[in-house]
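**Student:** Below are the structure tokens for one structure; questions will follow.
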Amino acid sequence: MPFEMQKAIKDGLYLILHMVRINVITIPPLRDKSWRYNVEITESDGSGSKTIHLVTMDRDYYMNLTEKGRIIPEEFIKKSFEFLLNRESKDSVLRQFDIAQINDYFPEFEKEIKDALHLK
């Protein structure tokens, strides 16, 4: 399902609507408490432009932010990418990172992801 991203234009009052498809693919973990995902972001404009990101996620970090797993990990990853894509282009997102690093770049991440997931 495509994700509709909206970005405000500097000093403008209009929005650019941008459609992308986010696919989250679980890959075998390296350790018991850390999961890995390939995340594919594809433009929905017919160009076929795509980026692929290798993302790790610590189980304890996930459990803490999702009220002990109230949503599936793949949905958490997808919502995290929606958060990122509302702030930067798919080409600007790091190609490999741990999901907790988002908070290093965007301190509002943990609060906003809980809000987006309707968690406390």
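The values are calculated or read from the model by the stated rules, or taken from the named source; none is laboratory data. Note that the structure is predicted; figures quoted are calculated from it, not measured. Virtual Cβ from ideal backbone geometry, glycine too; neighbours counted across all protein chains shown.
**Student:** Considering only the stretch 78-120, state which residues are within 14 Å of Thr66 (Cβ to Cβ) and not in a helix (DSSP H, G or I).
**Tutor:** Leu117, His118, Leu119, Lys120
**Student:** Counting just the residues of the stretch 45-71 that are surrounded by fewer than 16 Cβ atoms within 10 Å (Cβ to Cβ), touching a Phe, Trp or Tyr at 6+ places or on another chain (Cβ under 9 Å) and not charged (D, E, K, R), which one comes out modelled with the lowest pLDDT?
**Tutor:** If we take residues in the stretch 45-71 being surrounded by fewer than 16 Cβ atoms within 10 Å (Cβ to Cβ), touching a Phe, Trp or Tyr at 6+ places or on another chain (Cβ under 9 Å) and not charged (D, E, K, R), then Gly69 is modelled with the lowest pLDDT.
**Student:** Could you count how many residues in the stretch 106-120 are under 15 Å from Arg87 (Cβ atoms) and in contact (Cβ under 8 Å) with a residue 24 or more places away in the chain?
**Tutor:** Number of matching residues: 5.
**Student:** Right, Phe76: closer than 24 Å to Asp115 by Cβ, surrounded by 16 or more Cβ atoms within 10 Å (Cβ to Cβ), out of contact with any helix residue (DSSP H, G or I) (no Cβ under 8 Å at 6 or more places or on another chain) and of a type in the set (Phe, Trp, Tyr) or not?
**Tutor:** no
**Student:** To continue, here is another question. For the stretch 56-75, what are the residues that are in contact with a Leu (Cβ under 9 Å, 6 or more places away or on another chain) and either within 12 Å of Val39 (Cα to Cα) or of a type outside the set (A, V, I, L, M, F, W, C) (or both)?
**Tutor:** Within the stretch 56-75, Thr56, Thr66, Glu67, Arg70, Glu75 meet the criteria.
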